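Peer 1: Take a look at the following structure, please.
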C-alpha cells in the first residue's frame, strides 16, 4: 500500500508413445512399450501464459498480440514508486514489494523497462506486482482499497496532491477460481486513468497483496485497452497447474 507518513498509498497431456519393434519376421511380439506421463506446466513466462510458483498464481491469456510482455524486477519500478511526485506531489513509501510483469502496447513505442520513464512518457501499460506485509490491520482487499481511497480523499481535500484524483468506479471481483478481490477505477485532472485490481492471501504472519494495474494517459486509451486488461484478468487463478 502506498504510505505517506502513516499509511498513505497455469496439461499438455503427452499421449503415450508406444514403440514397436518388428523382431523376427512373422513375430507378433511386443518388444517394448514406453509411456510418457503428463508434463507439468512450465513456470514463468511462456507466450501468453505466466505461472508464478513463489506466489502461486497464473494467467492463461496475457496480451501478446500487439503487446510486449516482459518479466521485470524491483530495480525497474522502485524509482517510480519512491518518486511518484508527478501525481502525489511528494515521495511515497511502499511496503516490501516484488515487481513481476510489465506489459506495453508495441504500437506506442519501443519497450521501456523503467517504470518511471513509462510514466513520464505516458505509455499505457499493465503492471503486475505483489506487496508483502508482516503487520496489517486489514483482512480483505475491500478494506485495503477503502483505506487507500480514504487517504486519497483526505489528500485531495488538503490540497496535498498536484492533481485531484477521482474514483469513478469500485467493486468486488472474482478470479477464475473464485478468489475474491476488489477493484477501483480512478481518473486525474489531466485525464490519465487507471484500473487497479487487488487480491489478498496470507501465510503464517505474512499478507500478500496482489496488484494488477492498468494505467493509461487518457480516456481514449482507457477504452482501447480496458477489454484487453479484463480478458487477461478473467484467467487469473491462484495455482500453477
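The values are calculated or read from the model by the stated rules, or taken from the named source; none is laboratory data. As the structure is a prediction and not an experimental result, all values here were calculated from the model. Cβ atoms come from the backbone with ideal geometry, glycine included; neighbour counts cover every protein chain shown.
Peer 1: Considering the stretch 44-67 alone, what residues qualify as being surrounded by 12 or more Cβ atoms within 10 Å (Cβ to Cβ), in a loop (DSSP other than H, G, I, E, B) and in contact with a strand residue (DSSP E or B) (Cβ under 7 Å, 6 or more places away or on another chain)?
Peer 2: Correct list: 55, 60, 62, 63.
Peer 1: Just need a number here: residues in the stretch 195-241 that are in a strand (DSSP E or B), touching a strand residue (DSSP E or B) at 6+ places or on another chain (Cβ under 9 Å) and surrounded by fewer than 20 Cβ atoms within 10 Å (Cβ to Cβ).
Peer 2: Summing the residues that are in a strand (DSSP E or B), touching a strand residue (DSSP E or B) at 6+ places or on another chain (Cβ under 9 Å) and surrounded by fewer than 20 Cβ atoms within 10 Å (Cβ to Cβ) in the stretch 195-241 gives 9.
Peer 1: Please list, ordered by first then second residue, the pairs with beta carbon atoms under 6 Å, 6 or more apart or interchain, first in the stretch 185-203 and at positive phi and at pLDDT 95 or above, second surrounded by 17 or more Cβ atoms within 10 Å (Cβ to Cβ) and part of a strand (DSSP E or B).
Peer 2: Matching pairs, first to second residue: none at all.
Peer 1: Within the stretch 107-118, restricting attention to residues that are touching a helix residue (DSSP H, G or I) at 6+ places or on another chain (Cβ under 7 Å) and surrounded by fewer than 19 Cβ atoms within 10 Å (Cβ to Cβ), which residue is modelled with the lowest pLDDT?
Peer 2: So the residue we want is 116.
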